[in-house]
1. Being over 28 Å from residue 265 (Cβ atoms) and surrounded by 14 or more Cβ atoms within 10 Å (Cβ to Cβ) is the filter; apply it to region 276-292 and report the residue that is farthest from the ligand (Cβ to nearest atom).
2. Whether any residue in region 26-44 is modelled with pLDDT under 95, under 21 Å from residue 83 (Cα atoms) and surrounded by fewer than 23 Cβ atoms within 10 Å (Cβ to Cβ) is what I want to check.
3. Could you list, in sequence order, all residues of region 224-238 that are under 15 Å from the mean Cα position of the chain (by Cα) and either closer than 18 Å to residue 204 by Cα or buried (at least 23 other Cβ atoms within 10 Å of the Cβ) (or both)?
4. Only residues that are within 16 Å of the ligand (Cβ to nearest atom), closer than 26 Å to residue 292 by Cα and more than 20 Å from the chain's Cα centre (by Cα): list them for region 355-396, please.
5. Going through region 242-254 one residue at a time, which ones are surrounded by 10 or more Cβ atoms within 10 Å (Cβ to Cβ) and more than 19 Å from residue 213 (Cα to Cα)?
6. Check region 311-318 and report whether any residue there is out of contact with any helix residue (DSSP H, G or I) (no Cβ under 8 Å at 6 or more places or on another chain), on the phi < 0 side of the Ramachandran plot and buried (at least 20 other Cβ atoms within 10 Å of the Cβ).
7. Which of the residues spanning region 365-396 are in a loop (DSSP other than H, G, I, E, B), touching a strand residue (DSSP E or B) at 6+ places or on another chain (Cβ under 8 Å) and in contact (Cβ under 8 Å) with a residue 24 or more places away in the chain?
8. Quick one: would you say residue 229 is closer than 24 Å to residue 303 by Cα, within 16 Å of the ligand (Cβ to nearest atom) and either part of a loop (DSSP other than H, G, I, E, B) or touching a residue at least 24 places away in the same chain (Cβ under 8 Å) (or both)?
Ligand code: AMP
């Protein structure tokens, strides 16, 4: 079975064609600048030269039509006709409280995605456009929506409710949803498989540390808490996001700097985090280099990142009453052994410890804790596209 995985943004569309028997990526591509001049498709198929096409594409339907041409091209493609695509799996950001699992796309599902435009204003409209474009270009194809918020739906009410007047939850569904859910779902399930843990009771903490970062706690693969909230702004110190702050800071900056609430939120989303503290970069490689050269603010930014991650891990161990595995994933989690070591350092009192030799890896599945460690510490590279394809296949 071949599944086309689509992640549609407002002016871009990332895609992979995955053959499910061997979980093999047959093709991988991106369309950029949709709706602008010089739209560009770049595609790589196993054993074929890189395909590049630059032409103006008015909308996502035109882009998908060209993607199908690229996938079926004799010179650059990997299938001979679009009949070889069995289903399409879409990454969809927000389903509000409507869906706690992936679902076959119907008119009703599209209505829910539309109803959640308020909650995911940047992503949901683009996700829906991607779905409708596929309906037009590949009529009759089965499509599945895999929601980034679905993983967080298993949180208990006491974990997801904000302590603000309850009417706001009732009127506007203001609550914690959590994001990076597809990654947390994939990595927590994969951890259980790789480490052969009890699939119903394993207590797993996943640290998805990238430009956006979040930590989740799950029992038997079901989320009990996760660090992002109504939006991805809550939780850890991130590349450019502040994570947790006292909400009164918003009012303070707005008054002092004569800014609107929207402008301050923009600062908290795009100019804060390790970038805001260091004034150097949001990229951890730049920060590590600067800190090694003695830059104090780069050091402070890294220390704050480590400190906040430790706080979340400690609190999640407390709410679960223990932990079987702590797992690192995404750009920093998969590649940065110094960050992994620094975050786990201090948990020795719980007999949780990293083995420096085993930790000396990048981007591969591995157990990096000492043999004596009570809790496994692991690296599991995330694979959201494969998870979307697996969820799609399961519904076929
Ligand atoms: P992501 O958002 O998952 O792509 O992760 C991006 C982050 O991962 C950036 O802060 C990068 O600096 C970091 N990253 C990627 N590769 C490495 C590496 N080899 N060492 C340290 N950090 C890395």
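The values are calculated or read from the model by the stated rules, or taken from the named source; none is laboratory data. Just so you know, these numbers come straight off a predicted model, no measurement behind them. Don't worry about glycine lacking a Cβ; one is built from the backbone with ideal geometry, like all the others, and counts go over all protein chains shown.
1. Applying the filter and picking the extreme gives 291.
2. Checked against the condition, which is being modelled with pLDDT under 95, under 21 Å from residue 83 (Cα atoms) and surrounded by fewer than 23 Cβ atoms within 10 Å (Cβ to Cβ), region 26-44 yields no hits at all.
3. Once the filter is applied, which keeps residues that are under 15 Å from the mean Cα position of the chain (by Cα) and either closer than 18 Å to residue 204 by Cα or buried (at least 23 other Cβ atoms within 10 Å of the Cβ) (or both), region 224-238 yields 226, 227, 228, 235, 236, 238.
4. Across region 355-396, the qualifying residues are 359, 360, 361, 368.
5. If the condition is that a residue be surrounded by 10 or more Cβ atoms within 10 Å (Cβ to Cβ) and more than 19 Å from residue 213 (Cα to Cα), then 249, 250, 251, 252, 253, 254 are the ones that fit.
6. Within region 311-318, one or more residues are out of contact with any helix residue (DSSP H, G or I) (no Cβ under 8 Å at 6 or more places or on another chain), on the phi < 0 side of the Ramachandran plot and buried (at least 20 other Cβ atoms within 10 Å of the Cβ).
7. 365, 368, 375, 380, 381, 382, 395, 396
8. Spelling it out, it is not the case that residue 229 is closer than 24 Å to residue 303 by Cα, within 16 Å of the ligand (Cβ to nearest atom) and either part of a loop (DSSP other than H, G, I, E, B) or touching a residue at least 24 places away in the same chain (Cβ under 8 Å) (or both).
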